[in-house]
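The values are calculated or read from the model by the stated rules, or taken from the named source; none is laboratory data. Remember, predicted model here, so these are calculated numbers, not experimental data. In this analysis, Cβ positions are derived from the backbone assuming ideal geometry, glycine residues included, and neighbour counts consider all displayed protein chains.
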Amino acid sequence: MIPTHDAPIGVFDSGLGGLSVLRHARARLPAEDFLYVADSGHAPYGERSANWIRDRSLTLGEFLIGHGAKALLIACNTATAAAAPALRERWPGLPVLGMEPAVKPAAAATRSGVVGVLATTGTLASARFAALLDTFGRDVRVITRPGTGLVEAVERGELDTPATRALIASHVEPLLAGGADVIVLGCTHYPFLRGLIQQQAGATVQVIDTGDSVARQLAQRLNDAGLLRGGKAAGTESFWSTAASDTAERVLQRLWHADARLAPLQG
């Protein structure tokens, strides 16, 4: 398949967290059409094997390419670490972009010399993350914390409940106790909890994620490939989920827009 400039952009995540990245992509690319798959029926990815995530990502990529996607955005740190090379090998002619924890900017921003990284177990255990630390984390101390339970809280739409606040405190406090003055949000679900995370961390701690930087890279890659969609008409978004339900659709509407609709995806 030869991609064309008026084709849509395919985006997928283990759930609805990747909407935090889609939000930045939409802001930078107002004329583009987006296809978004939330694999909520198999979330979270963080505890699954790298081979399973790779195969699952290829399946989701096939679905999006089958719907005409001209580019793929892996809006999931864990899936990027496990599957990005396989997707690029499978579709060498298409732009394939992914996420990675913002270790580089965090290392440059810290004053204490200590960076905290909040991410899934799968991301923290990946070779890709180890390479990031080796490249950009040599001159700082990096403290990691698996954000167990945070993905599920976002998927349930529990963005500001006593239980979610307590969960965030249990994850943020060890990073602060270790001296971190920068916290990296290494999962695309976490920006939806950013306000609470910042509140728990305090005003002197910087909280960083990579959503806008990846959206900027996406726009540049499309421009370089001659695939940017022109015109002034606003683009559209289409959403699918492997756990579609009235409840999931209400969460989508809360995270995205009141008019958003969620179609079921089998598998």
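A few comments on the model shown:
- Scanning segment 105-157 for residues that are part of a loop (DSSP other than H, G, I, E, B) and over 18 Å from the mean Cα position of the chain (by Cα) turns up Thr110, Arg111, Ser112, Gly113, Gly137, Arg138, Asp139, Val140.
- Qualifying residue in segment 82-98 (condition: over 15 Å from Leu185 (Cβ atoms), in contact with a Phe, Trp or Tyr (Cβ under 9 Å, 6 or more places away or on another chain), assigned by TED's automatic domain parsing to the domain that holds Leu29 and buried (at least 21 other Cβ atoms within 10 Å of the Cβ)): yes
- The number of residues in segment 111-127 that are closer than 23 Å to Ala84 by Cα and buried (at least 18 other Cβ atoms within 10 Å of the Cβ) comes to 8.
- Whichever residue in segment 203-212 is surrounded by fewer than 16 Cβ atoms within 10 Å (Cβ to Cβ) and in contact (Cβ under 8 Å) with a residue 12 or more places away in the chain and, among such residues, is farthest from Glu155 (Cα to Cα): Thr204
Each row is one residue, and each column tells you yes or no for (1) assigned by TED's automatic domain parsing to the domain that holds Glu32; (2) out of contact with any Pro (no Cβ under 9 Å at 6 or more places or on another chain).
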{"residue": "Ala177", "(1), (2)": "no, yes"}
{"residue": "Asp181", "(1), (2)": "no, yes"}
{"residue": "Asn223", "(1), (2)": "yes, yes"}
{"residue": "Leu228", "(1), (2)": "yes, yes"}
{"residue": "Ala244", "(1), (2)": "yes, no"}
{"residue": "Glu249", "(1), (2)": "yes, yes"}
{"residue": "Leu252", "(1), (2)": "yes, yes"}
{"residue": "Leu255", "(1), (2)": "yes, yes"}
{"residue": "Asp259", "(1), (2)": "yes, yes"}
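- Condition check for Phe12 on (1) touching a helix residue (DSSP H, G or I) at 6+ places or on another chain (Cβ under 6 Å); (2) without any contact (Cβ under 8 Å) to a residue 12 or more places away in the chain: one failure, at (2).
- Across segment 215-241, the number of residues qualifying as among the β-branched types (Val, Ile, Thr) and under 17 Å from the mean Cα position of the chain (by Cα) comes to 0.
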